[in-house]
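The values are calculated or read from the model by the stated rules, or taken from the named source; none is laboratory data. Keep in mind the model is a prediction, meaning the values are calculated, not measured. Note: ideal-geometry Cβ built from the backbone for every residue, glycine included; neighbour counts use all protein chains shown. Ligands, DNA and RNA are excluded from the accessible area calculation, which covers all protein heavy atoms including side chains. Shrake-Rupley method; radii C 1.70, N 1.55, O 1.52, S 1.80 Å.
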Amino acid sequence: MIELKSQREINIIRQNGSIVASTLSYLKEKIKPGIKTIELDCWAEELIRSKNAIPAFKGYRGFPGNICVSVNEEVVHGIPGKRVLREGDIVSVDVGVLKDGFYADGARTFPVGEVSPEAKKLMEVTRNSLEAGIAQARSGNRIGDISFAVQSLVESNGYSVVRELTGHGIGRRMHEDELNVPNFGVPGTGMLLKNGMTMAIEPMVNAGTYMIKTLKDNWTVVTGDGMLSAHFEHTIAITSNGGDILTLEG
Ligand code: MG
């Protein structure tokens with residue numbers, strides 16, 4: 001059963017989502033050539049805890065970081081560490097927080113210094129595909145309408161969507177497994193969307209093949225062909241007018 005959230009509960013998620021958003025904005029200002037990915041993790045933890053929230057990924061199924069930091073061909077779930085960011089890299093940062101019993105989850109891909117036109121376009125298309133999915137996240141539609149909107153925007157630009165990983169319901173648990181939000185699908189199919197549903201929509205877009213693999217650290221997901229990948233994610237609530245984005249700065 002999908003738990004429908006009350007407006008009060010949605011506003012708690014929104015409060016937590018604003019912590020996610022301000023963490024991502026804070027890190028955006030810090031990202032430049034020469035910094036290590038572990039530094040982003042430390043800055044994120046400091047900021048999240050200063051808001052009396054908990055970094056939700058730390059210890060999740062044993063994940064060692066406070067946030068996920070995935071560089072270039074890394075798709076998601078990169079472990080922050082000694083890797084140094086270099087001019088021209090793109091870096092995907094995924095942040096989850098828990099406070100007052102509810103989770104919020106969001107991600108963005110940032111350029112490191114000047115990046116190639118190809119990398120810029122990949123990030124822009126991924127961000128646009130998230131917006132397209134959110135526009136379909138309205139009551140009366142079905143999950144497949146969101147999925148199809150993401151997929152068609154991505155594929156019309158010559159890129160591919162990762163298929164093995166999906167968005168998810170979110171609320172009192174970070175992943176409400178009753179609800180999956182694939183980034184590919186058929187309009188008019190899948191679960192009916194209702195006001196009060198909350199979910200994370202998160203296109204993972206690859207420049208080349210949609211195939212992925214997991215590194216020996218058992219976490220880092222990389223593209224099958226070593227080409228670039230980008231990731232944008234918002235936590236949203238279903239409304240009659242489309243997704244109400246909960247991971248925005250307050
Ligand atoms: Mg997520």
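Among the residues of the range 11-51, what is the count of those that are polar (S, T, N, Q), over 13 Å from Asn66 (Cβ atoms) and under 16 Å from the mean Cα position of the chain (by Cα)?
4
Identify all residues within the range 162-172 that are out of contact with any His (no Cβ under 6 Å at 6 or more places or on another chain) and within 12 Å of the ligand (Cβ to nearest atom); write none if there are none.
Taking the range 162-172 as the starting set, the residues that turn out to be out of contact with any His (no Cβ under 6 Å at 6 or more places or on another chain) are 162-167, 169-172.
Within the range 162-172, Leu165, Thr166, Gly167, Gly169, Ile170 meet the criteria.
Say whether the condition of being surrounded by fewer than 22 Cβ atoms within 10 Å (Cβ to Cβ), assigned to a loop (DSSP other than H, G, I, E, B) and touching a residue at least 40 places away in the same chain (Cβ under 8 Å) is met by at least one residue in the range 14-29.
Looking through the range 14-29, none of the residues is surrounded by fewer than 22 Cβ atoms within 10 Å (Cβ to Cβ), assigned to a loop (DSSP other than H, G, I, E, B) and touching a residue at least 40 places away in the same chain (Cβ under 8 Å).
If I filter the range 197-208 for residues that are more than 15 Å from the ligand (Cβ to nearest atom) and open to solvent by 40 Å² or more (accessible area, probe 1.4 Å), do I get at least one hit?
No, the range 197-208 contains no residue that is more than 15 Å from the ligand (Cβ to nearest atom) and open to solvent by 40 Å² or more (accessible area, probe 1.4 Å).
Could we say that His234 is within 16 Å of the chain's Cα centre (by Cα), open to solvent by 20 Å² or more (accessible area, probe 1.4 Å) and within 15 Å of the ligand (Cβ to nearest atom) here?
It is true that His234 is within 16 Å of the chain's Cα centre (by Cα), open to solvent by 20 Å² or more (accessible area, probe 1.4 Å) and within 15 Å of the ligand (Cβ to nearest atom).
Can you report the number of residues in the range 173-187 which are over 18 Å from the mean Cα position of the chain (by Cα) and open to solvent by 50 Å² or more (accessible area, probe 1.4 Å)?
Here the count works out to 3.
Taking the range 56-71 as the search range and keeping residues that are away from the ligand (no atom under 12 Å from the Cβ) and surrounded by fewer than 24 Cβ atoms within 10 Å (Cβ to Cβ), which one is nearest to the chain's Cα centre (by Cα)?
Going through the qualifying residues, I end up with Val71.
Find all pairs meeting these conditions: Cβ atoms under 8 angstrom apart; at least six residues apart or on different chains; first residue within the range 167-191 and more than 17 Å from Tyr210 (Cβ to Cβ); second residue in a loop (DSSP other than H, G, I, E, B) and not hydrophobic (A, V, I, L, M, F, W, C).
His168/His175; Gly169/His175; Gly171/Glu3; Gly171/Lys5; Arg172/Glu3; Arg172/Gly101; Glu176/Glu3
Output the qualifying pairs, or none if there are none: Cβ atoms under 7 angstrom, residues six or more apart or on different chains, first residue in the range 120-141 and open to solvent by 30 Å² or more (accessible area, probe 1.4 Å), second residue assigned to a helix (DSSP H, G or I) and modelled with pLDDT of 95 or more.
That search, which allows pairs on different chains as well, returns Asn128/Leu153; Ala135/Ala149; Gln136/Asp145; Gln136/Ile146; Gln136/Ala149.
All but one of (1) aliphatic (A, V, I, L, M); (2) surrounded by fewer than 24 Cβ atoms within 10 Å (Cβ to Cβ); (3) within 15 Å of the ligand (Cβ to nearest atom); (4) in a strand (DSSP E or B) hold for Val222; which doesn't?
With respect to (1) aliphatic (A, V, I, L, M); (2) surrounded by fewer than 24 Cβ atoms within 10 Å (Cβ to Cβ); (3) within 15 Å of the ligand (Cβ to nearest atom); (4) in a strand (DSSP E or B), Val222 is out only on (3).
Within the range 32-46, take every residue that is among the hydrophobic types (A, V, I, L, M, F, W, C) and crowded, with 21+ Cβ neighbours inside 10 Å and give me the one that is farthest from Arg173 (Cα to Cα). So that I can check it myself, show each step before the final result.
Kept after step one, since they are among the hydrophobic types (A, V, I, L, M, F, W, C), are these residues of the range 32-46: 35, 38, 40, 42-44.
Keeping just the survivors that are crowded, with 21+ Cβ neighbours inside 10 Å gives 40, 44.
Values: Leu40: 25, Ala44: 21 Å.
By that ranking, first place goes to Leu40.
Give me the pairs: first residue in the range 237-248 and under 14 Å from Gly106 (Cα atoms) and of a type outside the set (Ser, Thr, Tyr), second residue in a loop (DSSP other than H, G, I, E, B) and open to solvent by 50 Å² or more (accessible area, probe 1.4 Å), beta-carbon distance under 9 Å, and six or more apart or on different chains, which are they?
So the pair list comes out as Ala237/Asn195.
Restricting to the range 181-207, what's the tally of residues that are among the polar types (S, T, N, Q) and not in a loop (DSSP other than H, G, I, E, B)?
2
Please determine whether any residue of the range 83-100 is more than 29 Å from Pro33 (Cα to Cα) and either touching a Gly at 6+ places or on another chain (Cβ under 8 Å) or surrounded by fewer than 17 Cβ atoms within 10 Å (Cβ to Cβ) (or both).
Yes.
What's the number of the condition Tyr103 fails, among (1) closer than 25 Å to Lys28 by Cβ; (2) away from the ligand (no atom under 12 Å from the Cβ); (3) open to solvent by 30 Å² or more (accessible area, probe 1.4 Å)?
Failed condition: (2).
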